[in-house]
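**Q** Sharing a structure, written as structure tokens. Questions coming.
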Amino acid sequence: MAQADFDVVIIGSGAGGGASAWGLTRHGLKVIVLEAGPAYSPSEYNLTRDTWEQSAFPDRARHKGNYSFGPMQRLRPQLKGLRSWSHIDGFTNNTDYRASGTYHHMRGVGGSTLIFSAEAHRLHPDSMKMRSRFGVAGDWPLTYSELEPYYCIVERIIGVAGPSGDTVRYRSEPYPLPPHRISYASTKIREGCLKLGLNLAINPVAILSRPYDGRPECNYCANCYRGCPRTDKGSVDVTFIRKALETGRCVVKDECRVTALLAGPSDRIAKVEYMDAVGRNHALSGRVIIVSCGAIETPRLLLTSKNNNAPDGVANESGNVGKHFMETIYWFSSAIHTESLGSHRGIPVDSICWDFNGADSIPGVIGGCRFSSAVAEADLTGPINYAKRAATGWGKSHKEAMRRIFGNVLTIVAMGESLPNKKSYIEPDPLIKDGAGIPIARINTFIEDMDIRRLEFMSKTSREILLSSGVQKIFEESGAYDTFNSSHVFGTCRMGSSPEDSVVDSYLRSHRWRNLFVVDASVFPSSGGGESPSLTIEALAIRTADYIASLANKGEI
């Protein structure tokens, strides 16, 4: 084999790519990371400006991935209780069909961790055996015990603050940082949960509760999704990428969009072709290629990288690339409490109820869910959104309402299992192409009956928690039934033991292509019962990096 430009070429710098870069460089391997988006500086985040509430993360439109939607499903009149609405506008989707909303993601060094709320969840062990236990989704070809040591490594690197006492997810060591105290607003939710016989626990988060690894503790501004100018949030850019660069064995090239994987002879990827910021085309070779573009862009890249050696697309020998797509199954309910709570500040998602997280914990439903406080995730941390969405009246009465209710909103978010189905998949759009002439990703999405039953439970329980917490009235709600609105997406390059029904093996290596690995949430055989996936992606990435290093030491790659 000709001399490679790098030991490893990594495509994407989010949770999978960034953690892979650190994991590989610590073994002495030379790595290059190609990132389609720019490198951001925390100093440019909008929280430092007076106009912070009127702008989210300072993303640039050309650094968002382009995508389209296939035909959307028809809504059922009898399911009006699952429609999104507000007390000002009524139904927010007035059509008879599910709305093609937003895939929330970020292109940039650090990926979507730049805008995440830093929840740091380990997957429920039972969620890894959904096929053998319930006949749905897929089984993970590895166990929780095999992944557990890597969870510990990730938690130390990003600085997770969390509680003790989780009896479901075995831990071999405590969290590296003490937990944050829950806010006064969340104590009201805890009181409401207790009245219903539910437990509200402190949420583990990659947000520093004290200075750690050269970064300061959190100042509780509640706006993690706008970017953290202090660097106390454990996003990939200030943790894994920073540490990889410090080794001197990592190069990060931003604004470099990969256009194709060149499948060569002998079941190897020969080249990675990419376009730089000014439109010049380049090619790189690597002993190993890691694709970490997420569950929508990864299958697009693999499926559009066709040649004589890969006529159906790279790694698509089983026909499973793009299949088994799982989206975010969610429900938000927001209400006004009778007390002054100061709910516009604190940790964005400081508390969580795991009582229904197990795959069989909801009566009559397969797949679990969780409930959390989520005022910040509902974007109710500033006066403008209160004025537009929560307060009623006009003129003097509106001002009086603002004085009375600002900081008094409680929001519950429920996140649940997403079960794959044949109508949910990712494919190259047959008509629309990007600036490089490559088909964009088309999202085909469908909510099946089991997910609807779970959503009904999630909406009902969210309302019960709020009412038990002492709210005056619920003033807006939104959910996945009538609108695709996903930040967590999974499953389009499923891992498995058999090349007949999966794309990669337990070490995330292509069943055919000897030097190709896929390291992102596209490999998940199941979504879990509402856990945030970044911690699991990072743990998988470090495990895969160790495996690649062992192959390199034996001269097998």
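The values are calculated or read from the model by the stated rules, or taken from the named source; none is laboratory data. Here the structure is a predicted model, which means the values were calculated and not measured. Heads up, the Cβs are rebuilt from the backbone with ideal geometry, glycines too, and the neighbour counts pull from every protein chain shown.
**Q** If you take the residues in segment 318-341 that are in contact with a Pro (Cβ under 7 Å, 6 or more places away or on another chain) and assigned to a loop (DSSP other than H, G, I, E, B), which one is farthest from Arg442 (Cα to Cα)?
**A** Out of the qualifying residues, it is Ser318.
**Q** Another question about this same structure. Take the conditions touching a residue at least 24 places away in the same chain (Cβ under 8 Å) and surrounded by 17 or more Cβ atoms within 10 Å (Cβ to Cβ) and apply them to Tyr97. Does it pass?
**A** Here the answer is no, as Tyr97 does not meet what is asked.
**Q** Looking at segment 414-430, is at least one residue without any contact (Cβ under 8 Å) to a residue 40 or more places away in the chain and part of a strand (DSSP E or B)?
**A** yes
Residues checked against (1) of a type in the set (S, T, N, Q); (2) in contact with a Pro (Cβ under 9 Å, 6 or more places away or on another chain); (3) assigned to a strand (DSSP E or B):
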position: Thr492; (1), (2), (3): yes, yes, no
position: Asp501; (1), (2), (3): no, no, no
position: Ser506; (1), (2), (3): yes, yes, no
position: Ser527; (1), (2), (3): yes, yes, no
position: Leu540; (1), (2), (3): no, no, no
position: Arg543; (1), (2), (3): no, yes, no
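**Q** Moving on to the next point. Is segment 189-199 home to any residue that is crowded, with 17+ Cβ neighbours inside 10 Å, under 26 Å from Ser343 (Cα atoms) and touching an Asp or Glu at 6+ places or on another chain (Cβ under 7 Å)?
**A** Yes.
**Q** Any idea which of Arg442, Arg404 is basic (Lys, Arg) and over 13 Å from Gly70 (Cβ atoms)?
**A** Every option except Arg404 fails the conditions.
**Q** Here is a follow-up. Out of (1) β-branched (Val, Ile, Thr); (2) surrounded by fewer than 24 Cβ atoms within 10 Å (Cβ to Cβ); (3) at pLDDT 95 or above, what's the single condition that is false for Val523?
**A** Condition not satisfied by Val523: (2).
**Q** Right, here's the next one. Is there any pair with a first residue in segment 499-516 that is among the aliphatic types (A, V, I, L, M) and a second that is part of a loop (DSSP other than H, G, I, E, B) and surrounded by 19 or more Cβ atoms within 10 Å (Cβ to Cβ) whose Cβ atoms are under 6 Å apart and which are 6 or more apart or on different chains, and what are they?
**A** Going by the 6 Å Cβ cut-off, the qualifying pairs are Val503/Ala315; Val503/Asn320; Val503/Val321; Val503/Cys493; Val503/Arg494; Leu508/Val519.
**Q** Still on this model: Hey, among Ala222, Ala185, Ala201, Ala206, which residue is among the hydrophobic types (A, V, I, L, M, F, W, C) and on the phi > 0 side of the Ramachandran plot?
**A** Of Ala222, Ala185, Ala201, Ala206, the one residue that is among the hydrophobic types (A, V, I, L, M, F, W, C) and on the phi > 0 side of the Ramachandran plot is Ala222.
**Q** Okay, moving on. Kindly provide the set of residues from segment 299-341 that are under 15 Å from Leu516 (Cα atoms) and in contact with a strand residue (DSSP E or B) (Cβ under 8 Å, 6 or more places away or on another chain), ordered by number.
**A** Listed by number, the residues that qualify are Pro299, Leu301, Leu302, Leu303, Ser305, Asn309, Ala310, Val314, Ala315, Asn316.
**Q** If only one of Arg280, Arg287, Arg230, Arg257 is of a type in the set (Lys, Arg) and closer than 19 Å to Thr113 by Cβ, which one is it?
**A** That would be Arg230, the only listed residue that is of a type in the set (Lys, Arg) and closer than 19 Å to Thr113 by Cβ.
**Q** Cβ contacts < 7 Å: first residue buried (at least 24 other Cβ atoms within 10 Å of the Cβ), restricted to segment 116-127; second residue hydroxyl-bearing (Ser, Thr, Tyr) and part of a loop (DSSP other than H, G, I, E, B), any location; separation 6+ or different chain. Result?
**A** Hits for this filter: Glu119/Ser532; His121/Ser532; Ser127/Ser526.
**Q** What's the total number of residues in segment 369-405 that are surrounded by fewer than 20 Cβ atoms within 10 Å (Cβ to Cβ), hydrophobic (A, V, I, L, M, F, W, C) and assigned to a loop (DSSP other than H, G, I, E, B)?
**A** 1
**Q** Something else about it: Pull up segment 418-470, narrow it to residues that are touching a Lys or Arg at 6+ places or on another chain (Cβ under 6 Å) and among the polar types (S, T, N, Q), then point me to the one that is surrounded by the most Cβ atoms within 10 Å (Cβ to Cβ).
**A** Among those residues, the one meeting the criterion is Ser469.
**Q** Within segment 81-99, can you find the residues that are within 28 Å of the chain's Cα centre (by Cα) and outside any loop (DSSP other than H, G, I, E, B)?
**A** Matches in segment 81-99: Gly81, Leu82, Trp85, Ser86, Phe91, Tyr97, Ala99.
**Q** With the requirement that a residue be of a type in the set (Val, Ile, Thr) and modelled with pLDDT of 90 or more, what does segment 23-79 give you?
**A** The answer is Thr25, Val31, Ile32, Val33.
Quick grid of which residues meet (1) small (Gly, Ala, Ser); (2) in contact with a helix residue (DSSP H, G or I) (Cβ under 8 Å, 6 or more places away or on another chain):
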| site | (1), (2) |
| --- | --- |
| Val252 | no, yes |
| Val258 | no, yes |
| Lys271 | no, no |
| Ser285 | yes, no |
| Gly313 | yes, yes |
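**Q** Which residues, taken from segment 403-419, are within 22 Å of the chain's Cα centre (by Cα) and farther than 15 Å from Ile452 by Cβ?
**A** Thr411, Ile412, Val413, Met415, listed by residue number.
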